[in-house]
Number of protein chains: 2
Amino acid sequence: MTENKSAVSELIKQSAEDVHKKIIKSQKPTMSTPIRSLSNVKYHEKKGYFEMAGKNKLRTLTVSTVKTFAQTLKMMALSKQLIDTDDMATKREAYYISKNWGKAGFAEQPESDTIMDDVEASFGVNREQLKFIPEEKGGDIAGSLIVIDKDGKGNPLRIDCTKFGSGAYSIPIDVEGLKFESNAKFVLAIETAGMFQRLVKYDYWDKQNCILVSMGGVPTRACRRFIRRLSDELNIPVYAFVDGDPYGYFNIYRTLKVGSGNAAHLNQYFCVPRVSFLGVTPQDVIDYDLPTHPLKEVDIKRAKDALKNDPFVKYHKPWQKSINQMLKMGVRVEQQAFAKHGLDFVVNKYLPDKLANNKNFLP
Amino acid sequence: MTENKSAVSELIKQSAEDVHKKIIKSQKPTMSTPIRSLSNVKYHEKKGYFEMAGKNKLRTLTVSTVKTFAQTLKMMALSKQLIDTDDMATKREAYYISKNWGKAGFAEQPESDTIMDDVEASFGVNREQLKFIPEEKGGDIAGSLIVIDKDGKGNPLRIDCTKFGSGAYSIPIDVEGLKFESNAKFVLAIETAGMFQRLVKYDYWDKQNCILVSMGGVPTRACRRFIRRLSDELNIPVYAFVDGDPYGYFNIYRTLKVGSGNAAHLNQYFCVPRVSFLGVTPQDVIDYDLPTHPLKEVDIKRAKDALKNDPFVKYHKPWQKSINQMLKMGVRVEQQAFAKHGLDFVVNKYLPDKLANNKNFLP
């Protein structure tokens, strides 16, 4: 993440030269890409994130691969051009740019997305370094944080996240260049915009001197990277507050903490190994007498699958215990369920209770 | 929207007293609610938005309606309590609060949402006035705008939307209390976060002295109301820049401009009658040689349905012409398609071309 731009540009150039040399010598050029799936990741708590286990697929230039090969090279060339001109392209824009590549043009965007993922995995860098940026945005911030960015002319800007009233600071797509100042005690990463707004309404960040992050469901790459950088640079704990269901546990929390299988080449940058799980846990349902909904078929399947195949869950006994408890209880719970006991219950009872015992948070 | 809080609270009280009086007299109390569907709206360009055509459903207290009746009264009571204590509840929180209503508790959230919609339609006010706020957030702002909000202690805050660098100001859920200062020439409401980021990257708002709004798909209520208030209070034009497909034309643009059928009681507040359609139009596909995709079945159905049943389309001949042109061409186009001609094409060619002829925008 700290390599300078010309290093990535140089990497692309070298790779293209290797291909070129082989062709000149009438040899078949090859390109190697790591296999991107949960079956090709390993988890060590000390490293803190899913790493690729080392399986690769090798693409050799043949009659049947010529188009994909050409597309990969064109994609690399586009990346180099973006780096050299300090521009960027969204995934969708990259797809449309290919419409000028003649026969190497992509028919559908999923094709260009796959090639882009392969390119970033091959080089072991991330899309932002290749100057391809995600389409989606996401992640709002309120609380004790000053973000230091630059304006269009390169002058520094100090963005004070205590000064947005009922609004919030919306995280940009590329967060690498940002700097931070804060004396906050912790970061609270919240699943739903509704709960975020509830805590903003009750001035929770002011009372607790913390930074609130609204993830709005599964956090985007930019949101994950932003939280990771807060965690690294401010050196304060990050707590996750999400719905108590398999989607909240695995798709949101586990992805935030250790990453995912199909983008394991990115986890090093995009996951937040030091996050811990504040709630909502299955035990909270009992302790706080919360209204629930029955687990759906898909919830049960996802939970059983995690117990069997997820390296993160297989490593952490407390998670296995909690998932089994959830399966036994047969229910899921939403983070708004505390409203049953009054709208201020979450702020005045649940969060203080939990934070007083943060050693007991799930890993 | 300008009535003070106690007026709505008083309205609720009177309505409850009417029901109470009838019951005391052993008469059957009734409640009347407007029918919320596209079949119960009318459109006049001068008014500028879909209005309800006046059909009502009458709910009488009987054995079979007793539960819904009780739920409606409880929902009204909750609203009154929120108004009186200056609090608010999300739709999901309101659902969970009902878990303490004994037999009047809702089994599923869609039930409580429907009662809430009926209550707001009955009183002719909107959910924000009842202190029920939407769950979803959405809408980012960058450009020549100062938003004036208050901090948690009631002190005024000036939020300068030129000072967010690569980030943005995230619109809060309730925008009624905000004030604005701006010398911008127009508002550009953009469908995708990717295009918004492209224009931010190229300092478009600075060069054109405008306000950029990222709607992120179909704009949320808060986003629509925010744009509407900009339009009213700054008295500047609003231009919409969305994908060239039936979803962009009707679900996004038409909803933004005149509102929707199932929430016609809100259109008065939430639509932006003065918005006009910059693009992408079917004619743009020809004029700018844009890459396209074939219309899907659902696109064709939606377009034909609009020609036949949508009061807005039936009123505006230029829209009928454009929709027929699209159906004849058989293609849809995305706003990122301009990238085919280079990433700066949209900023340096398309938008300037279009804005120079803004009299020709679709209505």
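A few notes on this one:
- Enumeration of residues in the stretch B:201-216 that are closer than 18 Å to B:Thr162 by Cβ and more than 8 Å from chain A (Cβ to nearest Cβ): B:Tyr202, B:Tyr204, B:Trp205, B:Lys207, B:Gln208, B:Asn209, B:Cys210, B:Ile211, B:Leu212, B:Val213
- Test: residue in the stretch B:40-50 that is of a type in the set (Val, Ile, Thr) and over 30 Å from B:Val275 (Cβ atoms): no
- Note on the stretch B:58-85: among residues that are of a type in the set (D, E, K, R) and touching a residue at least 40 places away in the same chain (Cβ under 8 Å), the one that is nearest to B:Phe123 (Cα to Cα) is B:Lys80.
- Condition met for A:Leu145 (farther than 25 Å from A:Val242 by Cα, in contact with a Ser or Thr (Cβ under 7 Å, 6 or more places away or on another chain) and more than 10 Å from chain B (Cβ to nearest Cβ)): no
- Residue match in the stretch A:107-119 (condition: more than 18 Å from A:Met31 (Cβ to Cβ) and outside any helix (DSSP H, G or I)): yes
- Count of the stretch B:153-191 residues which are touching a helix residue (DSSP H, G or I) at 6+ places or on another chain (Cβ under 8 Å) and within 7 Å of chain A (Cβ to nearest Cβ): 6
- Selection from the stretch B:331-348 of residues that are farther than 15 Å from A:Ser98 by Cα, touching a residue at least 24 places away in the same chain (Cβ under 8 Å) and not in a loop (DSSP other than H, G, I, E, B): B:Val331, B:Arg332, B:Val333, B:Gln335, B:Val346, B:Val347
- Matching residues, the stretch A:318-352, being open to solvent by less than 50 Å² (accessible area, probe 1.4 Å) and among the acidic types (Asp, Glu): A:Glu334
- Test: residue in the stretch B:258-270 that is modelled with pLDDT of 95 or more, crowded, with 20+ Cβ neighbours inside 10 Å and not polar (S, T, N, Q): no
- Residue list for the stretch B:19-57, restricted to those being farther than 26 Å from B:Gln71 by Cβ, among the charged types (D, E, K, R) and touching a residue at least 24 places away in the same chain (Cβ under 8 Å): B:Lys42, B:Glu45, B:Lys47, B:Glu51
- For the stretch B:104-117, filtered to residues that are farther than 23 Å from B:Leu266 by Cα and open to solvent by less than 50 Å² (accessible area, probe 1.4 Å), the residue that is farthest from the other protein chains (Cβ to nearest Cβ) is B:Ala104.
- For the stretch B:164-205, residues that are modelled with pLDDT of 95 or more and open to solvent by 40 Å² or more (accessible area, probe 1.4 Å) total 5.
- Comparison of A:Ala222, A:Ala303 shows that the only residue that is out of contact with any Leu (no Cβ under 8 Å at 6 or more places or on another chain) and surrounded by 20 or more Cβ atoms within 10 Å (Cβ to Cβ) is A:Ala222.
- Within the stretch A:313-363, the only residue that satisfies the criterion of being on the phi > 0 side of the Ramachandran plot and more than 10 Å from chain B (Cβ to nearest Cβ) is A:Gly330.
- Any chance A:Ser260 is touching a residue at least 12 places away in the same chain (Cβ under 8 Å), polar (S, T, N, Q), away from every other protein chain (no Cβ under 14 Å) and at negative phi: yes
- Meets criteria (touching a Gly at 6+ places or on another chain (Cβ under 9 Å), under 30 Å from A:Val175 (Cβ atoms) and away from chain A (no Cβ under 14 Å)) for B:Pro219: yes
- Of note, B:Ile133 satisfies the criterion of being β-branched (Val, Ile, Thr) and at the interface with another protein chain (Cβ under 9 Å from one of its Cβ atoms).
- Qualifying residue in the stretch A:273-284 (condition: surrounded by fewer than 23 Cβ atoms within 10 Å (Cβ to Cβ), touching an Asp or Glu at 6+ places or on another chain (Cβ under 6 Å) and within 29 Å of A:Asn183 (Cα to Cα)): no
- Condition check for B:Lys150: facing chain A (nearest Cβ under 8 Å), in contact with a Pro (Cβ under 8 Å, 6 or more places away or on another chain), surrounded by fewer than 24 Cβ atoms within 10 Å (Cβ to Cβ) and within 17 Å of A:Phe164 (Cβ to Cβ): yes
- Some residue of the stretch B:120-138 being hydroxyl-bearing (Ser, Thr, Tyr), buried (at least 18 other Cβ atoms within 10 Å of the Cβ) and within 22 Å of A:Lys150 (Cα to Cα): no
- Meets criteria (among the acidic types (Asp, Glu) and either surrounded by 18 or more Cβ atoms within 10 Å (Cβ to Cβ) or within 24 Å of A:Val175 (Cβ to Cβ) (or both)) for A:Asp18: no
- Of all residues in the stretch A:276-293, those that are more than 14 Å from chain B (Cβ to nearest Cβ) and among the aromatic types (Phe, Trp, Tyr) have Cβ atoms under 8 Å from Cβ atoms of residues that are open to solvent by less than 10 Å² (accessible area, probe 1.4 Å) and part of a strand (DSSP E or B), 6 or more apart or on another chain, in A:Phe277/A:Ala240.
The values are calculated or read from the model by the stated rules, or taken from the named source; none is laboratory data. Just so we're clear, the structure is a prediction, and the values are computed from it rather than from any experiment. So basically every Cβ, Gly included, is an ideal-geometry build from the backbone, and we count neighbours across all protein chains shown. These accessible areas exclude ligands, DNA and RNA; they are computed on the full protein's heavy atoms, side chains included. Shrake-Rupley method; radii C 1.70, N 1.55, O 1.52, S 1.80 Å.
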